[in-house]
Every structure is written in structure tokens, then in C-alpha cells.
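Here's the structure, in C-alpha cells; my notes come after.
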Amino acid sequence: MNDTKTYGEFKTSWCPGCGNHDVLVAVKEALAGQGILPHQFVMVSGIGQAAKIVHYLKCNGFNGLHGRALSPAQAVKLANPEMTVLVESGDGCTYGEGGNHFLAAIRRNVNITLIVHDNQIYGLTKGQSSPTTMTGHVTKNNPLGVVDQPFNPVAVAVAMRAGFVARTFSGFHEHAVKTIVEAMRYPGFALVDLHSPCISFNKLNTFAWYKARCKEVSHDPGDWAAAMTVASTFGEEIPIGVLFREERPSKDAQLPQCAGGALYRKSVDMEAVKRHMLAYA
């Protein structure tokens, strides 16, 4: 039986008390509980404090460009459908620099799990406002307070009918593990917006702030209209749990190139490749 030590124990560069520590443990427990070994999954990340998680796991890993984690992750899954693919990065990397890739990933519905460490701030660059920073929040680059409307990732994902949309909080450990496992078992693109407080640069959205507001949802996640209402709620109450779930075939399940296992195991007719290239030369 796997345990969390299967995935290594590494010294991190995260601040003591950072929510990212809790996320790392939750991911390890989610993997161990499903019996997934290090060689059976790949962790893809972008740039930022959250994205460093790939350095603290014994696994196949890819640390990509800022906002570009989803692209190589989808490529890995399409090339090797047998591989479990996880993507992790922060709210800035995923919803800011990577916003267009986020929308495209929802449309494509490749069978990968996206876990976003949403601390509502840029942590690596020391406290600038991110796409999810709340209006009025005073930050280094907004000394008079943020005037922009915050991006609501789960509402956008539900509106686009992403197959699996969930939110959880790193301070609710068992809930976070359960939510990650459910997302990983969903046969398509799954989003977990995981609130993970930054104790150094976000003094507003703290552990206590989230703990007082995060409440388990009670609606039917298959009801799109109800899910939109719940996903649009954020403030004095923050709904957590599976917000929306809808079964639809993943892209990798529909592509004939992905049938029969990993592409790297299949022989390539190089003469056919040459003819194809010459035809378009």
C-alpha cells in the first residue's frame, strides 16, 4: 500500500505556515489513496510559488513557462493516455498569463486534472494583485485599492460547461483530499480551484477568513442553472465542493490516434510521413 513517503520528502522554499504545504500533503494523500505510483503520473506546472510543487514530488515532472502549463499537460495525455496527468499552478499563472489556455482546455476536454492554488495574490513576485484579488484590496501595485472586478474561475468554467468544476480550501484537509480524488477520477477536464492562503503577502484572505466563509454545497451538481448560481457566489459565503458535473466524452477518448494505448508504442510509417510533407512543401 502506498503512503505519502512514496512521493519523496523534500525541503521546500515555501514560507512556514504557507497553504501550499497543505496542498502538497493533500495531493500526496490523493495519489496514495488511489494506489498511483510515481512512474504512473506526471505533474506539470507553470511559474510561481505554487508551481514549485513539481520540485517537491518524486514523479515525472515538467516545469513549464508562465501561464503555459496546460498546453504540455494536454500533449502528454494525448501522447500517452495511460498516464495520469495533474496540472498545478497559482491563480496568477493559470487565470492571468494562462487565461486563454484555461478557456481552451475547457473546450478541448482532455482528461487531465487542473489544481489551482488560489491565494488571490501574486506570491512569488511579492504581493501584486492577481486576477482573483478582491475589489478594494490594497496591494503593492494598487496602493489605493484594486478597482477591477475579480475573475471568477469557477463561474466561467460552469458557464462553459466544463465537465467537472469544484472548489475547496487547503485548511479543510479531508475535504481537499476528497475533492482532488473526485477530480482525478473524472474522465475529462477537471478543475479544482483550491484556496491556499498566502500568509506573507495577503493579510486579508487568511486561513481564518476562509474558514469562516467556506461552506459545503448542497445543490444538485448536475443542475447547470443551480450550479451557475452557486458558482457566482463569493464573499461572506464561499461554496465549496463539486459545483458542477456533466458527463461528456473527453478528447483523448474520441481521437483515433489515441486508441489502443500510448502513441510512443506505435510504429511510424516514415515513408508516409515523407509523402505527406512533400505534398505540402
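Roughly what % of DSSP beta bridges within the range 109-239 run antiparallel, to the nearest 5?
Working: 2 of 16 bridges.
If I count the DSSP bridges inside the range 109-239, around 10 percent turn out antiparallel.
Counting heavy atoms of the protein chains only and a 1.4 Å probe, report the per residue accessible area for the chain as a whole number of Å². Each step should come with its number before you reach the end.
Numbers: 12990 Å² over 281 residues.
Value for the chain: 46 Å² per residue.
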Cα centroid of the range 1-17 to Cα centroid of the range 87-110, whole Å: 26
Ellipticity estimate at 222 nm from DSSP helix runs (n ≥ 4, -39,500 (n - 2.57)) divided over the chain, nearest 500: -8500 deg cm²/dmol
Within the chain, longest stretch free of exposed trypsin sites (Lys or Arg not before Pro) [DSSP loop, at most 14 other beta carbons within 10 Å]: 12-125
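For the range 4-279, what is the percent of antiparallel DSSP beta bridges, rounded to the nearest 5? Let's see the in-between values first.
Working: 6 of 35 bridges.
Antiparallel bridges make up about 15 percent of those DSSP assigns within the range 4-279.
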Highest-MSF residue in the chain out of H66, H39, H55 [GNM, Cα springs under 10 Å]: H39
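Over the range 1-121, what is the mean sequence separation of C-alpha contacts under 8 Å (at least six apart), divided by residue count, expressed as relative contact order in percent? Intermediate values should be presented prior to the final figure.
On the way: 211 pairs, mean separation 28.7, N = 121.
This gives 24 percent for the range 1-121.
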Degrees between helix 270-279 axis and first principal axis of the chain (Cα, 0 to 90, nearest 10): 80
In sequence order, calculated HN-Hα J values of the range 128-139 (Karplus, 6.51, -1.76, 1.60; Hz; x Gly/Pro): 7, 5, 10, x, 9, 4, 6, 4, x, 5, 7, 10
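Beyond 30 Å, what share of the Cα-Cα pairs of the range 4-279 is found? Please give it as a whole percent. Could you put the intermediate results ahead of the total?
Values: 10377 of 37950 pairs.
Percent of Cα pairs beyond 30 Å in the range 4-279: 27.
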Per-residue HN-Hα couplings for the range 14-21 [Karplus 6.51, -1.76, 1.60; θ = phi - 60°; Hz; x = Gly/Pro]: 6, 5, x, x, 4, x, 4, 4
For F244, distant residues with modelled amide H under 5 Å away: V165
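Report the full-extension gain for the segment E216 to I199: residue separation times 0.36 nm, less the Cα-Cα distance, to one decimal in nm. Intermediate results must be reported in sequence, preceding the final value.
Details: separation 17, 0.36 × 17 = 6.12 nm, distance 2.39 nm.
Between E216 and I199, full extension yields 3.7 nm more.
Using the beta-carbon distance between A75 and N2 and R0 = 25 Å, what value does 1/(1 + (r/R0)^6) give for FRET efficiency, to the nearest 0.05? Walk me through the numbers before you get to the answer.
On the way: r = 27 Å, r/R0 = 1.08.
Efficiency computed from Cβ-Cβ geometry: 0.40.
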Amide H partners (placed H, <5 Å) of T139, local residues excluded: G145, V146
Inter-probe distance in nm under a simple model that places probes 7 Å from Cα toward Cβ, at Q149 and E9: 4.9
Straight-distance crosslink candidates among lysines, where the alpha carbon sits under 29 Å from K126 and sequence neighbours closer than 8 are dropped: K11, K28, K52, K58, K140, K203, K211
Share of carbon and sulfur in the accessible heavy-atom surface of the range 9-102 [1.4 Å probe, %]: 58
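Explain nothing, just the number: relative contact order of the chain, from Cα pairs under 8 Å at least 6 residues apart, as a whole percent. Display every interim value, and only then the final one.
Details: 586 pairs, mean separation 50.6, N = 281.
Contact order relative to length: 18 percent.
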Amide H contacts under 5 Å for Q128, placed H, 5+ residues apart: Y122
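The values are calculated or read from the model by the stated rules, or taken from the named source; none is laboratory data. Worth saying up front: this structure is predicted, and the values here are computed from it rather than measured. Heads up, the Cβs are rebuilt from the backbone with ideal geometry, glycines too, and the neighbour counts pull from every protein chain shown. Note: areas computed on protein heavy atoms with side chains; ligands, DNA, RNA excluded. Shrake-Rupley method; radii C 1.70, N 1.55, O 1.52, S 1.80 Å.
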